[in-house]
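The values are calculated or read from the model by the stated rules, or taken from the named source; none is laboratory data. Quick caveat, the model's predicted, so the values are computed rather than measured. Reconstructed Cβ throughout: ideal geometry from the backbone, glycine too, with neighbour counts over all protein chains shown.
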């Protein structure tokens, strides 16, 4: 949590922000603007001014006095100051009556370079590995370790010099190489340097990528990192600290674990590019990245280095960092740089952060700190307004509006923008001094605690907002007055400064007569079941006039109401002046609840064959009425139809109907009659739907046909049943036919033709055994082919039209694949 308290001072003016050692990111033109806010004593000054003065000669450029805010109100001020890169003392003064009334100053305010370090242990740092302190006073950090890995918010930053054993918030574990890098940069550019560090030891690029959108797997333990580590620490800095100070770039040093766990080159490229993209989404800006080339973890990895080079060369606003694999080889523990190697690492980083990087990178400026303006309220309190456009506003009072009205106390506001950045305002102390620095109070509004249209015998209270003093135009001096007659009323109020407001707008009261109480009757009993109603109505002869409205205590306005719910009901008369009589005597209605609609339970399937039945019952023990006709606990159904049930409770209340069930009774096919329709086939005669199939039985063997004919394989006694599928497990089946004795006729030699001779021009033929790829030929007596036809599968009876042939004798020949031809003499008559 960021909470900027005032800097202790004996002065009558205090600076709440900025705090010592903060560094604001400079632009590529070596300038930065930042908010200066604080408080003052006594009345409203002419203006607040501020100036920047270098701590030491040459460490920046002094500015002229800049106006922070003209005529600030309520004892607080806030405004923007601009300066060039440097290490400054911030001077602030109060101008009142064209002279300096008071002043104060804040030491060590920086405009320079801010970096966010990310990666793994050779970025995070390790205690007792010889990390050198920064020598230059201008190198700072937020000396804090987020040991609980809080992913949402860090404490108020208090910046300090970067010593060797300093933490670098939120997770840097020592100065590592960053203190020396800070010295080198401060010396090169003559500006202060501030570091944040979110690196976490042993992390792979995969862990960073996974945690940018969820929870990452820890490859060392097989479990998951807590609190969306490691990326959550980067996100909280981008959302909380970077808005405060701005940043030049993210310095990335990671790759040792990618080498250890064998991540592919393609995955590393994808991982880094996704993390970079997510950081820019969270920052809401195109934040620059500097990626080092690092893979050494006992051995080197070309794939890791190639992946890092690919990201540098193909991703916009990403710059090449140092190649660190050659530093301190071999390393004492196989991975970590130590002692003098850390100075070498810092030098490598310094060389990579070259003039091209500083000219082409995209520095992120600090966001404008939210400011709170103080104004007058309508009572003895003040209004605090958080200035700016924010998606969320949260005051320490719990209120969430931009403007709140408060009494004495200390207040601050936390705001969040569309990108999730959040910042706290400086604290605002509201007290007597606040009111001394407020202008004339606003014109009060009179509160009428009731209608100004009064009925006979009534009064209305008029109240002014809470203030120090009151003056009503009728001479009263209390905060509220009771009005019972016609008059115009207005009031003035006085605030803590002794300032009187202008008179409020006037309010007027009017008095009217009251109608008589109307009598009520009911058209039925007042206790009934929930599917019934009772009508309550006002007796017609009691209506006072056409201008009277009858208003029930339910809110309905009518001469009668239909009641469906339990309750007490009464009515009153309201005249054209909105004057109401007393309510009539209450009529208590009790509505008995209906029993729950039962659910029908069937003891078997609802769809069955003719001759079957299903028994229906319900899940209720109450008396049951079926289809409004039959009263019994169960119902045996043998016919198709729709069935529902109701139950009746002991009070005679009938439930809603159950969900309707449909019973379907399907017909059983007629018993078939077997006939012989050709020398080789039998037919099951009967009137059947297309869905009906046939099961033929001979000597205990069964054959099922889709159609109603069968070509028996041998002589014997055959029976058949007709059936169709009711569902996947049940069928509706006819009674079996009477047996039919089939005798195979060997005289036909496997081929039957009829009629023969042919009289009507149509020859019917049938073969005993099915023939594949059958070729049918008809030859005349001279052996000449007069008819030919090919049939893919010759099985059932087939017709051949011979009307075009002359009378005489012909030879029918049927040839199939791998089969001896069948022949038959055919006579054609004229």
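The table that follows gives values for the structure above.
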{"quantity": "Within the stretch 755-788, considering residues that are touching a residue at least 60 places away in the same chain (Cβ under 8 Å) and not in a loop (DSSP other than H, G, I, E, B), the one surrounded by the most Cβ atoms within 10 Å (Cβ to Cβ)", "calculated": "763"}
{"quantity": "Qualifying residue in the stretch 342-356 (condition: in a strand (DSSP E or B), in contact with a strand residue (DSSP E or B) (Cβ under 9 Å, 6 or more places away or on another chain) and either farther than 30 Å from residue 299 by Cβ or modelled with pLDDT under 95 (or both))", "calculated": "no"}
{"quantity": "Number of positions in the stretch 305-326 that are touching a residue at least 40 places away in the same chain (Cβ under 8 Å) and either farther than 20 Å from residue 277 by Cβ or in a strand (DSSP E or B) (or both)", "calculated": "6"}
{"quantity": "Residue in the stretch 376-390 that is at pLDDT 85 or above, surrounded by 19 or more Cβ atoms within 10 Å (Cβ to Cβ) and under 21 Å from residue 34 (Cβ atoms) present", "calculated": "yes"}
{"quantity": "Residues of the stretch 562-600 satisfying the condition of being without any contact (Cβ under 8 Å) to a residue 60 or more places away in the chain and in a strand (DSSP E or B)", "calculated": "562, 563, 567, 568, 569, 571, 572, 573, 574"}
{"quantity": "In the stretch 648-681, the residues that are closer than 30 Å to residue 625 by Cα and touching a residue at least 60 places away in the same chain (Cβ under 8 Å)", "calculated": "651, 652, 653, 654, 655, 656, 657, 658, 659, 661, 666, 667"}
{"quantity": "Candidate set from the stretch 147-164 (those that are out of contact with any helix residue (DSSP H, G or I) (no Cβ under 9 Å at 6 or more places or on another chain) and in a loop (DSSP other than H, G, I, E, B)); member that is surrounded by the fewest Cβ atoms within 10 Å (Cβ to Cβ)", "calculated": "147"}
{"quantity": "Given (1) touching a strand residue (DSSP E or B) at 6+ places or on another chain (Cβ under 7 Å); (2) surrounded by fewer than 17 Cβ atoms within 10 Å (Cβ to Cβ); (3) assigned by TED's automatic domain parsing to the domain that holds residue 535, number of the condition residue 657 does not satisfy", "calculated": "(3)"}
{"quantity": "Of all residues making up the stretch 799-812, the number that are surrounded by fewer than 16 Cβ atoms within 10 Å (Cβ to Cβ) and either touching a residue at least 60 places away in the same chain (Cβ under 8 Å) or not in a loop (DSSP other than H, G, I, E, B) (or both)", "calculated": "5"}
{"quantity": "Filter pass, residue 80 being modelled with pLDDT of 95 or more, assigned to a strand (DSSP E or B) and not assigned by TED's automatic domain parsing to the domain that holds residue 160", "calculated": "yes"}
{"quantity": "Residue in the stretch 62-76 that is under 43 Å from the mean Cα position of the chain (by Cα), crowded, with 17+ Cβ neighbours inside 10 Å, touching a residue at least 60 places away in the same chain (Cβ under 8 Å) and assigned to a strand (DSSP E or B) present", "calculated": "yes"}
{"quantity": "Selection count where residues are outside any strand (DSSP E or B) and either buried (at least 17 other Cβ atoms within 10 Å of the Cβ) or over 60 Å from the mean Cα position of the chain (by Cα) (or both), scope the stretch 673-722", "calculated": "14"}
